[in-house]
Amino acid sequence: MSDKIILNTLRQDLKNISKENFNEKIIHQLNLSKKKEKPILFNQKSIIKGFIIVSIFVLIASLNIVEKLPQQFVIIGILICISPLFLIVFNKIHQTIIENS
Amino acid sequence: MSKELVIKAKNGNIQALNKLINNHKELAFSIALKHLKNKEDAEDIVQNSFIIVLESLKNFRNEAKFSTWLYKIIYHECLKELKRKNITVEYLPQFVEVENNEVNFENILNLKNIFKALKPNEYTVIVLFYLEEKSINEIALITSLSKANVKVLLHRTRLKMQQAINKKNIQNER
């Protein structure tokens, strides 16, 4: 049996969608979800990457500098580590400002 | 061409989005209808699947990738819907049975009727292979079946069609 016959018959046998405005509803829904996307100042992925990189630097530095770190330095180290996470807070502030305006 | 279409659609071009939907909606609907046997349910599944896939359009470089993902979503949404309705899904990936190829096709008059007699997974495999020109690998990806299973299904479906055509020819000769 020729594949061409199967192909043509399959093509003819396809069912049509009778729903009105089928395409329009999809596009409308897409536009809605685009609008719903909140504006951000910093990319979330970059923040996480930054967090990991800074953490590694701090860890290496702390291991190399002194064997026993005073508590002060540990706290400073932790603060430096979480510094990229402050960008998430900035994002939230930015979103709130835009929503309010 | 398909790359351009996807790029335009990514940029929010309404014409491109319409064309992308039109290129696939009939086949998508036919697959969904074959599974769900209900027009409204099938239309809803197809519509939702389009929304899901178009929302992540930025991840696709060309229409082939887009369509593979679309049909995968549709196929699995249909299975989910059937499961939700407590309809036995005998064609879940692990249950591709090797059955007797002899089929009662006495009442089958033409190929269109043969398609009606096909099981949903057989129909899905055959339309993806012939109409969408999907490879065995891609069909396996869409249906989550193994490549061997896809090959078996394809072979079995072709055999069914061949048997029916032969039977019809014999009847015509008489």
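Structural remarks
- Gyration tensor verdict on chain A (Cα atoms; rounded if a/c is under 1.5, prolate if a/b is larger than b/c, oblate otherwise): oblate
- Loop-located trypsin sites (Lys or Arg not before Pro) in region B:7-66 (DSSP state other than H, G, I, E, B) with a sparse environment of at most 15 neighbouring Cβ atoms within 10 Å: B:K37, B:R61.
- Residue-by-residue Karplus 3J(HN,Hα) for region B:53-58, coefficients 6.51, -1.76, 1.60, Hz, glycine and proline x: 6, 5, 5, 9, 4, 4
- Karplus 3J(HN,Hα) series, Hz, for region B:71-78 with 6.51 cos²θ - 1.76 cosθ + 1.60 (x for Gly, Pro): 5, 5, 5, 4, 4, 6, 5, 5
- For region B:114-125, 3J(HN,Hα) per residue [Karplus equation, 6.51 cos²θ - 1.76 cosθ + 1.60, θ = phi - 60°, Hz, x = Gly/Pro]: 5, 4, 5, 7, 6, 6, x, 6, 5, 4, 4, 5
- Cross-link table A:K15/B:K19; B:K119/B:K151; B:K10/B:K112, entries beyond 27 Å C-alpha to C-alpha: B:K10/B:K112
Every number here is computed from the coordinates shown, using simple stated rules; none is lab data. Every value quoted in this text rests on a predicted model; they were computed, and no experiment measured them. Cβ atoms come from the backbone with ideal geometry, glycine included; neighbour counts cover every protein chain shown.
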